[in-house]
1. For a quick check, take a GNM of the chain with Cα springs below 10 Å and name the residue from Thr95, Thr47, Thr65 with the largest mean-square fluctuation.
2. First select every other residue whose beta carbon is under 13 angstrom from the beta carbon of Asp29; then total the charges, Lys and Arg +1, Asp and Glu -1.
3. Calculate log10 I(q)/I(0) of the range 78-145 for q = 0.18, 0.21 Å⁻¹, where I(q) comes from the Debye formula with a single equal point scatterer on each Cα and nothing for solvent.
4. Using alpha carbons only, how many angstrom separate the centre of the range 1-41 from the centre of the range 77-145?
5. Hey, got the Cα dimensions of the range 43-128 along the principal axes, in Å, largest first?
6. Loop only by DSSP, 15 or fewer other Cβ within 10 Å of the Cβ. Give me the trypsin sites (Lys or Arg not before Pro) in the range 27-127 that pass, ordered by residue number.
7. Once you keep just the Cα pairs under 8 angstrom separated by 6 or more residues, what percentage relative contact order results for the chain?
8. Let me see the pair-distance distribution of the chain: every alpha carbon pair, 10 Å bin width, integer percents in order.
Amino acid sequence: MTTDDVPAVMELERALFPLDAWSEGMLRDELSETGTRHYVVAEAEDTIVGYAGLRFVPPEGDVQTMAVAEGSWGRGIGRALLTELLDRAAEYGVTHMFLEVRSDNPRAQELYRRFGFVEIGVRRGYYKGADAIVMRRVAERGSHE
């Protein structure tokens, strides 16, 4: 993801997360933290259809955000984005990955479970209208499988 991608990412962010969308300033701040962040986009026919972000401070890392346009669900884009984040995290020496996912988003929860994330807690009221399920994935150093 580059700063040129920000307008399209923000459009998708606001459409997918109308109650909890990041501000453009938040996204730009994240992109500026190149020493501890890695952000990617997924494109189809020159249109951004997904994005994801990683925060890494080895041995820990966090999936900061991840989203796929509703019209592109079921095409493996979320799987590809998460694979990219986990591969990059492994390169940086991250062995413990964390994330928060909305309690009312079973599609995302299932994706994370397929990648080995397990529920470790709940943050009540973390999102507007939903709790956050906190998940963790522990991997061997240098491996995302």
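1. Its mean-square fluctuation being the largest, the pick is Thr47.
2. Details: positive: Arg28, Arg37, Arg55; negative: Glu24, Glu30, Glu33.
So the surrounding residues net to 0.
3. Reported log10 I(q)/I(0), two decimals: -0.66, -0.85.
4. Their Cα centres are 18 Å away from one another.
5. Here the spans come out as 37, 33, 22 Å, largest first.
6. On the way: sites: Arg28, Arg37, Arg55, Arg75, Arg79, Arg88, Arg102, Arg107, Arg113, Arg114, Arg123, Arg124; in loops: Arg75.
Counting only loop positions with at most 15 other Cβ atoms within 10 Å, the trypsin sites (Lys or Arg not before Pro) in the range 27-127 are Arg75.
7. Values: 241 pairs, mean separation 26.5, N = 145.
Worked out over the chain, it gives 18 percent.
8. 11, 42, 39, 7
Computed from the coordinates by the stated procedures, all read-outs in this text should not be read as laboratory data. Source: prediction; values computed, not measured. Note that we place each Cβ from the backbone using ideal geometry, even for glycine, and neighbour counts take in every protein chain shown.
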